Amino acid sequence: MLIGELAERAGTSTRALRYYETHGLVRAARSANGYRVYDEAELPVVREIRALLAVGFGLDDIRPFVACLRAGNASGHVCPDSVAVLRRKLAEVDAGIDRLHAVRRELRDQLAHAITHREETCSRLRRTAR
């Protein structure tokens, strides 16, 4: 299939496909007139790439998933290298959540302090105004 058809079927752009190809994630042959020609097997590869990019994986992280699909697996998530990347990414997300919880606690403490201080300041101003 030509680049336009693959882009349409995968829900992406031709520019993205060229980018993935440049980075060695997608394979294309060239026709006699120089057009990129993609095998049907590239469709699940592109879908996998897009799904992984959508949840924050980088191109280097995606390579094991593509290799797993190219090895004949129905999913790119089943190979040991892919599982290792998933574990690492999950640890990164968990660490980010922990940081966000700490920020949330700090913001709650600051807000509670600000509200208490504001009430004390407002009470003082009311007494002074009389």
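The values are calculated or read from the model by the stated rules, or taken from the named source; none is laboratory data. Only a predicted model underlies this, so the values are computations on that prediction, with no experimental measurement involved. Cβ coordinates were reconstructed from backbone atoms using ideal geometry, including for glycine residues, and neighbour counts include every protein chain displayed.
Within the option set 84, 51, 112, 129, being at pLDDT 95 or above and farther than 24 Å from residue 6 by Cβ holds for one residue only, 84. Residues that are of a type in the set (Lys, Arg) and free of Cβ contacts under 8 Å to residues at least 12 places away in the same chain were ranked within segment 1-43; the one that is nearest to residue 71 (Cα to Cα) is 30. Taken over segment 25-58, the residue count meeting the criterion of being surrounded by fewer than 16 Cβ atoms within 10 Å (Cβ to Cβ) and closer than 26 Å to residue 91 by Cβ is 6. Taking first residues from segment 87-101 that are under 19 Å from residue 64 (Cα atoms) and partners that are surrounded by fewer than 10 Cβ atoms within 10 Å (Cβ to Cβ) and not small (Gly, Ala, Ser), the Cβ contacts under 9 Å between residues at least 6 apart in sequence or on separate chains come to 89/55.
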